[in-house]
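The values are calculated or read from the model by the stated rules, or taken from the named source; none is laboratory data. Bear in mind the structure is a predicted one, so any value in this text is a computation, not a measurement. Using ideal geometry, Cβ is built from the backbone for each residue, glycine included, and neighbour counts are taken over all protein chains shown. Only protein heavy atoms, including side chains, enter the accessible area calculation; ligands, DNA and RNA are left aside. Shrake-Rupley method; radii C 1.70, N 1.55, O 1.52, S 1.80 Å.
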Amino acid sequence: MNQILSTDVLVIGAGPAGSAVSSMLTNSGHDVLVMEKTVFPRFSIGESLLPQCMVDLEKAGLLEAVQQQNFQVKDGANFTFKEQFSSFLFKDKFSDGPSTTYQVQRAQFDNALIEQAQKMGVQVQFDRELKSIDINNEGTSKAYFQNKEGVEQQVNFKFVVDASGFGRALPKQLDLDLPSDFPSRQSLFCHFKDNFSQDFDRQKILVAVHDENPDIWFWVIPFSDGTSSLGVVGEQKYFDAIEGTSKEKLDHFVSGSKQLSAFLQNAEFHQDIKTIKGYASNVKSLYGDNFVLLGNAGEFLDPVFSSGVTIALRSATLAAPLITKQLKGESVDWENEFSNELKKGVNTFKAFVESWYTGELQTIIMAPKPEPKIKQMICSILAGYTWDPENPYTRNSKRRLSTLANLIGT
């Protein structure tokens, strides 16, 4: 054992959730140590933020660091299917709150957040992979980490936060994993030099639906440097049915959308195509004795509405004050104050994702003459304001969407 460290709060993972929760806890006077498996900057998916993120970044004291990065401003979302086109402008939404956000290269975004957290006093160590952990109520909780050279470290802590994202450190260690009730889907994605014509709106994410198979959809996320992120998402069986390289599979899918193909006719692809599959996840509980799971470490739904970073940041800003209360010896109702509160928004996102894949939400989004007030309510959800109790579509979302889709289809 090379070193033994002690801290009030151990945070596993230096992504957006880890940066936000550690910044807030440090600002509240706690000793915080972040242990990150990789070395920053590093690539990550989840590049199109939602305006709700701006609210939680500001709570964590991280918004100014993001505003200084020259990221591409995002003011809405565009959707296309065959010859249809629909646009949502975030300023024309039902809920209060910011109307713009950013489209970000996550390597730069995540690095900016953790560097700001360090400036605020957060201690961070990179290249530290969790090997085992013992969490108890006897004041002797400890975790063991190892770097790429095999050097081990022991960390003694009072409370541990899992912000490891898709690494899902604690669910694996504590047998918390549950199978997701979503079908197994796959995504192929890459960055490319876009060379768009002037009629492409760089301030909005483009979501394109496959002309022949609405189960398959694409994202195009423009960045401020003339490059974009492109991804295709569908059930595993669609990818398995195609022979060839990842690039050949991506080209095959893109050819299935006439409008998308037109936008990409001058694109230059220089980077390798990356893939992620079976990413939907769930857990038995988001919390336990002296631990909490944030963001993707707990549950990940689907990339279609860019909810990942939004849920990560929201979970961090909900958890931080509760951890402070617990460390002070005060009683915390983790079920109601954290889990149920977080799930209010997560369940709304989930209903919208499910409605997207049944086709009901696609019908609503592509409606030729939407009722203005209802479109504003839908726009608020697309902007990430799924915790707004005043929006009817944050309550009984599945039923409301089904009813609305039936009305539009008649």
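Mind checking the per residue accessible area of the chain for me, 1.4 Å probe, whole number of Å²?
Values: 17230 Å² over 410 residues.
Heavy-atom accessible area per residue stands at 42 Å².
Assigning unit charges at the beta carbon (Lys, Arg +1; Asp, Glu -1) and nothing else, what dipole magnitude in debye, to the nearest 20, does the chain show about its Cα centre?
Numbers: 40 positive and 50 negative charges, 95 e Å.
Dipole size: approximately 460 debye.
Relative contact order of the stretch 275-404: what whole-number percent is it, with Cα pairs under 8 angstrom and at least 6 residues apart? Spell out each step's value before the answer.
On the way: 112 pairs, mean separation 26.6, N = 130.
Worked out over the stretch 275-404, it gives 20 percent.
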### Query
Nearest 0.05, what FRET efficiency do Gln236 and Glu58 give at R0 = 30 Å with Cβ-Cβ as r?
0.20
### Query
Which angle between 0 and 90 degrees, to the nearest 10, do you get for helix 397-409 versus the longest principal axis of the chain when only C-alpha atoms count?
10
### Query
Can you give the helix-only mean residue ellipticity at 222 nm for the chain, where every DSSP H stretch with n ≥ 4 adds -39500 (n - 2.57) and the sum goes over all residues, rounded to the nearest 500 deg cm²/dmol?
-10000 deg cm²/dmol
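Going by accessible area, probe 1.4 Å, with all protein chains left in place, what is the ranking of His252, His191, His270, largest first?
Numbers: His252 100, His191 30, His270 145 Å².
Output order, biggest surface exposure first: His270, His252, His191.
Between their Cα atoms, which of Lys119/Lys328; Lys193/Lys343; Lys91/Lys350; Lys237/Lys369; Lys247/Lys373 are more than 32 Å away from each other? Don't jump to the answer; show the numbers that get you there.
Details: Lys119/Lys328 25 Å; Lys193/Lys343 38 Å; Lys91/Lys350 23 Å; Lys237/Lys369 35 Å; Lys247/Lys373 42 Å.
From Lys119/Lys328; Lys193/Lys343; Lys91/Lys350; Lys237/Lys369; Lys247/Lys373, over 32 Å: Lys193/Lys343; Lys237/Lys369; Lys247/Lys373.
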### Query
Which angle from 0 to 90°, rounded to the nearest 10, does the C-alpha axis of helix 16-27 make with the longest principal axis of the chain?
40
### Task
Report the one residue of Phe291, Ser228, Gln3 whose Cα lies farthest in the direction of the positive end of the charge dipole of the chain (charges on C-beta: Lys and Arg +1, Asp and Glu -1; origin at the Cα centre).
Ser228
## Note on the structure
About its Cα centre, the stretch 152-194 carries a charge dipole, from +1 on Lys and Arg Cβ atoms and -1 on Asp and Glu Cβ atoms, whose size in debye to the nearest 20 is 120
#### Entry: Stretch gain in nm, segment Gln326-Thr275, where the contour uses 0.36 nm per residue and the Cα spacing is subtracted
14.4 nm
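Give me the Kirkwood hydrodynamic radius of the stretch 294-410, using the inverse of the mean 1/r over all pairs of distinct Cα atoms, in Å to one decimal. Kindly include the intermediate steps, with their values, before the conclusion.
Values: mean 1/r = 0.0653 Å⁻¹.
Taking every pair of different Cα atoms in the stretch 294-410, averaging 1/r and inverting gives 15.3 Å.
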### Task
Calculate, axis by axis, the spread of Cα positions in the chain along the three principal axes, and write the results as whole Å, longest axis first.
63, 46, 40
### Task
Among DSSP beta bridges lying fully in the stretch 35-154, give the percent that are antiparallel, nearest 5.
95
## Note on the structure
Expressed in angstrom and rounded, the centroid-to-centroid distance over alpha carbons for the stretch 105-150 and the stretch 353-405 is 38
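With +1 on each Lys and Arg Cβ and -1 on each Asp and Glu Cβ, how big is the dipole of the stretch 51-92 about its Cα centre, in debye rounded to the nearest 20?
Numbers: 4 positive and 6 negative charges, 21 e Å.
The dipole magnitude comes to about 100 debye.
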### Task
Take the alpha carbon atoms of the stretch 196-231, find their center, do the same for the stretch 86-104, and report the distance between the two centers in whole angstrom.
17
### Query
Taking Lys172 as the anchor, which lysines have their alpha carbon closer than 16 Å to its alpha carbon, excluding any fewer than eight residues away along the same chain?
Lys37, Lys131, Lys284
### Task
Taking GluC sites (Glu not before Pro) as candidate sites, keep only those in a DSSP loop with at most 15 other Cβ atoms within 10 Å, then name the longest stretch of the chain containing none of them.
244-329
### Task
Please name which of Gly121, Val104, Leu174 has its Cα lying farthest along the dipole of the chain towards the positive end, using unit charges on Cβ (Lys, Arg +1; Asp, Glu -1) and the Cα centre as origin.
Val104
#### Entry: Qualifying aspartates and glutamates (Cα of each under 12 Å from Cα of Lys277; at least 8 residues distant if same chain)
Glu235, Asp240, Asp302
